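A quick write-up on the structure given underneath.
The values are calculated or read from the model by the stated rules, or taken from the named source; none is laboratory data. Just so it is clear, the structure is predicted and the values come from calculations on it, not from any experiment. Don't worry about glycine lacking a Cβ; one is built from the backbone with ideal geometry, like all the others, and counts go over all protein chains shown. Areas reflect the complete protein model, heavy atoms only, side chains present, ligands, DNA and RNA absent. Shrake-Rupley method; radii C 1.70, N 1.55, O 1.52, S 1.80 Å.
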Amino acid sequence: MQHFAAAALFSCLDSGCLTLAQDSERQLRSINQSFFPPCNQDREKRRDSYGGRPKSASNPAFEFHLDYDFRKHDLDSLARVFGKSCWEVEDLISEIVCSYDQSISSMYEAGGRDTRGRQSATGMSSYNHTYGQQLGWHALFIAAGKLLATTPVAQSAHEDYDRWQEWFRGHTLTRDDGFWLSDGRDWMPLDVANVLQETTQDGLALTGNREKLLQLIGIAADIGSELVVEGDWHSADDINVHISSALVPKAKARELAHELAQCDPMQAWLPAYEEQEGDSSEDFWGETNDYKPWIVCPRGETRLDEHDPFGAGYVNRRPRLASAYVAALSLSRDDRFGRAWRNVNGAIALRAEAWGRAARYSEQEGAHAGGRLKCSSATLAEVLEMTPSDLLVLIKLQKYERGYGGGSGKFTNTTAVVRIDGTLRFEYFQGHINNLYKPRH
């Protein structure tokens, strides 16, 4: 609560809409900062969640029992920040809960509130909390504030980061600019709500229809004004659609396209750059051989707003063009989320869309986050001319069916490859259709 209140005041101060005395501003900017120099942690003295309470320490008068995973992960991670044993922080949480409601003795108690019928089967999650879980979570952060005010942060000599800041940052917003993931979410495009299964004599099967597959990347009879060059989403009938692309030498483009189309669908892939959170370097993994990546797919964990029902991590992982091409084409993004990139004439060169929400719990079956990067035909032609290269686009459909009685599920795939040359003519290579994956082991 202090963090978000202070962040709102920082915005007012930094924009000149609010003025504070120096002492007040200094106090405000010290919110959630430790006033003590860090101390070296003695690893032998701290007991983790498995260590238990020593015989010399008596039980508190009031005990609030924590969820097993909550104690193992959330409680222990806070205790580690201050070099405390788990039982010490657990006693502090019990003391805090006691001050609110002495009639609740564990995180599993509903306190007379209604609970969802399936909650006991799914366990504790942010999707649905009992009253006891709410008390436990609130007490955790109140305990964090008490420890910060009274206890130095424990640091090991070899650690080059602040344990407290690392822990606290993990419980704040995913982005550092104050925007929530839901602020960057788009409406789901109508053209992705299609059906990609067809009725056969053996039941439903993944489509291998050329026109349907080409429509997924924006091609009808010819390439239109935009082409989908990267994407991941689910169709109306819950089929995962994955689109990727890479540049290849003109002389080997047909050969590579044919090889990719015939490749095992589970192994078929095209390289892309990865950009880790807080690191502007663009790297890719594995051997690319003749393939040259040109798309960046950012990576990073979501934090507090992961639990926002209107948020989706894909919002913060929108794909974009690699920096070399952004610079060569003089592109600039429209907003902080990178929804659109424009050239020097103001025309939209790229559109990065993100929609939906992540399915984290069984109650949210059918909920999916998705997104795609659409490149204008004019921009694609410029890239192919400056390289010079052809572009290969891999279209992959995947259907997953859960196993029964705890058995392993099964994957079925359809693939296709499209080669595009510098004149924006395309060639279609049919891959596998409704191919059932059979593990070797």
Completion exercise
So, first residue of a type in the set (A, V, I, L, M, F, W, C) in region 70-85, second residue in a loop (DSSP other than H, G, I, E, B) and surrounded by 24 or more Cβ atoms within 10 Å (Cβ to Cβ), Cβ within less than 7 Å, six or more apart or across chains; the pairs are Phe70/Met107; Leu75/Leu66
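Yes/no per residue for (1) crowded, with 20+ Cβ neighbours inside 10 Å; (2) part of a loop (DSSP other than H, G, I, E, B); (3) of a type outside the set (Val, Ile, Thr):
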| residue | (1), (2), (3) |
| --- | --- |
| Trp233 | yes, no, yes |
| Asp237 | no, yes, yes |
| Ala246 | yes, no, yes |
| Glu259 | no, no, yes |
| Gln267 | no, yes, yes |
| Leu270 | yes, yes, yes |
Practice task
Hey, could you check region 131-159 for residues that are touching a residue at least 60 places away in the same chain (Cβ under 8 Å) and in a loop (DSSP other than H, G, I, E, B) and say which is surrounded by the most Cβ atoms within 10 Å (Cβ to Cβ)?
Solution key: Val153
Exercise for the section: Confirm whether Ser323 is out of contact with any Ser or Thr (no Cβ under 7 Å at 6 or more places or on another chain), farther than 26 Å from Trp180 by Cβ and of a type in the set (Ser, Thr, Tyr). Expected result: yes
Handout entry: Which numbered condition Asp176 fails, given (1) touching a residue at least 24 places away in the same chain (Cβ under 8 Å); (2) in a loop (DSSP other than H, G, I, E, B); (3) open to solvent by 60 Å² or more (accessible area, probe 1.4 Å)
Key = (1)
Exercise for the section: Mind telling me which of the residues Met107, Met1 ends up being closer than 28 Å to Asn128 by Cα, at pLDDT below 95 and buried (at least 16 other Cβ atoms within 10 Å of the Cβ)? Expected result: Met107
Practice task
Give just the number: which of (1) open to solvent by 60 Å² or more (accessible area, probe 1.4 Å); (2) closer than 30 Å to Ala354 by Cβ does Val192 not satisfy?
Solution key: (1)
Practice task
Could you check, for region 52-60, whether at least one of its residues is surrounded by fewer than 10 Cβ atoms within 10 Å (Cβ to Cβ) and of a type in the set (Ser, Thr, Tyr)?
Solution key: yes
Exercise for the section: Take region 398-441 and flag every residue that is of a type in the set (D, E, K, R) and either open to solvent by less than 40 Å² (accessible area, probe 1.4 Å) or over 26 Å from Thr379 (Cα atoms) (or both). Expected result: Lys399, Glu401, Arg402, Lys410, Arg419, Asp421, Lys438, Arg440
Handout entry: Test: residue in region 13-32 that is of a type in the set (Lys, Arg), open to solvent by 100 Å² or more (accessible area, probe 1.4 Å) and assigned to a loop (DSSP other than H, G, I, E, B)
Key = no
Fill in the blank from the handout: Among strands (runs of 3 or more DSSP E) completely within region 330-441, the ones holding 1 or more residues that are at pLDDT below 95 and farther than 19 Å from Ala220 by Cα are 348-356, 369-376, 390-401, 410-420
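Assess whether Asp183 counts as being under 24 Å from the mean Cα position of the chain (by Cα), open to solvent by 50 Å² or more (accessible area, probe 1.4 Å) and more than 21 Å from Thr412 (Cα to Cα).
Criteria met by Asp183.
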Problem - Subset of region 301-321 [open to solvent by 40 Å² or more (accessible area, probe 1.4 Å), in contact with a strand residue (DSSP E or B) (Cβ under 8 Å, 6 or more places away or on another chain) and of a type in the set (D, E, K, R)] - result: Arg317
Exercise for the section: Could you pull out the residue among Ser125, Ser77 that is surrounded by fewer than 21 Cβ atoms within 10 Å (Cβ to Cβ) and at pLDDT below 90? Expected result: Ser125
Practice task
Say whether the condition of being assigned to a strand (DSSP E or B), closer than 30 Å to Phe179 by Cα and without any contact (Cβ under 8 Å) to a residue 60 or more places away in the chain is met by at least one residue in region 280-296.
Solution key: yes
Handout entry: Single condition Leu304 does not satisfy, out of (1) farther than 23 Å from Glu353 by Cβ; (2) at pLDDT 95 or above
Key = (2)
